[in-house]
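For reference, the structure is listed below as structure tokens.
Taken together, the values in this text are just the output of simple stated rules run on the coordinates, not laboratory data. Just so it is clear, the structure is predicted and the values come from calculations on it, not from any experiment. Virtual Cβ from ideal backbone geometry, glycine too; neighbours counted across all protein chains shown.
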Ligand SMILES: [Zn+2]
């Protein structure tokens, strides 16, 4: 229906005579002899044209002293809209933490279970049960990716208990939650040299997941396998080699931005600490207490220090820029000497 066709009252009257549902919502008509206003599609018998008035909306008709028709209920949402609203409400209920049965849902949206099931499927393309499971799996993936403990993540995702989840684990994640949490995902790595010695770069399907520094390749590989037990050394792959070269260029010169995606794994708290570290500019340092204060958690100094020590993305997440409040360098996962070199290098970068 062309909206502009309804600009004049003749077109509006024709829409009323046609009981054109597509005109619903575009205008309201009222009948002066009955004092009632209707949607264009109202099934009630039509009044004479001379007794009909048109209004842009229900508010205008009501303001003119008319009452809504009980049959077409022009003051209520459109029936189709009402049905959609019910399905939207059902979706939100299914997304809650506690599981909802079809009967409970049906009662809540005032429909029979049979009709709700049918309508839900026609609107969403899924059964209510599939919707609920899909939502839980999505929440579970999100919280596991943030590094929450497995049981906590299961409960947060709405699984009533761990065992009921484990039965479905394969279907949702394709692996157990514990495997996912422990990083038992496909990771490949390679070793190369950088300005600070040997360097291990690893990537998952989501991005660069580890950058480790050291002097000894075997020690670096052992360090990686602790976090990613399934990590494998990459074979010849030019694309991967190119990304590794980009990482190393960026490690060696912090003015070279790293534009590769990162796969940062840690608890929600660790992620916040690492985010705060990335806000410390090149050539500057901050104390653990300053980082904790910047996060709004001044008492979390020790937890900040632990999160720095847990960083697996050397230099990219600049945990080397955090020093003790008294100015002492303090520890560094990859050696205090390397930390001193890095800070010295960044101080000169700043000057240049
Ligand atoms: Zn009506």
How do 72, 199, 91 line up, fewest other C-beta atoms within 10 Å first? 91, 72, 199
For the pair residue 60 and residue 14, how long in nm is the line joining their label points, each one 7 Å along Cα→Cβ? 2.0
Sort 238, 8 so that the residue with the fewest other Cβ atoms within 10 Å of its own Cβ comes first and the one with the most comes last. 238, 8
Rounded, prolate or oblate for region 268-351? Axes are the square roots of the Cα gyration tensor eigenvalues, ordered a ≥ b ≥ c, and the cut-off for rounded is a/c under 1.5. prolate
As a footprinting exposure proxy, order 233, 321, 188 by other Cβ within 10 Å, with the fewest listed first. 233, 188, 321
Measure out, as a whole number of angstrom, how far apart the alpha-carbon centroids of region 259-315 and region 109-146 sit. 37
With the Cα gyration tensor of region 3-68 in hand, convert its eigenvalues to equivalent ellipsoid semi-axes via √(5λ) and list them largest first in whole Å. 17, 13, 11
How large is the translational diffusion coefficient of region 188-252 in µm² per second when you combine the Kirkwood radius over alpha carbon pairs with Stokes-Einstein at 25 °C and 0.890 mPa s? 209
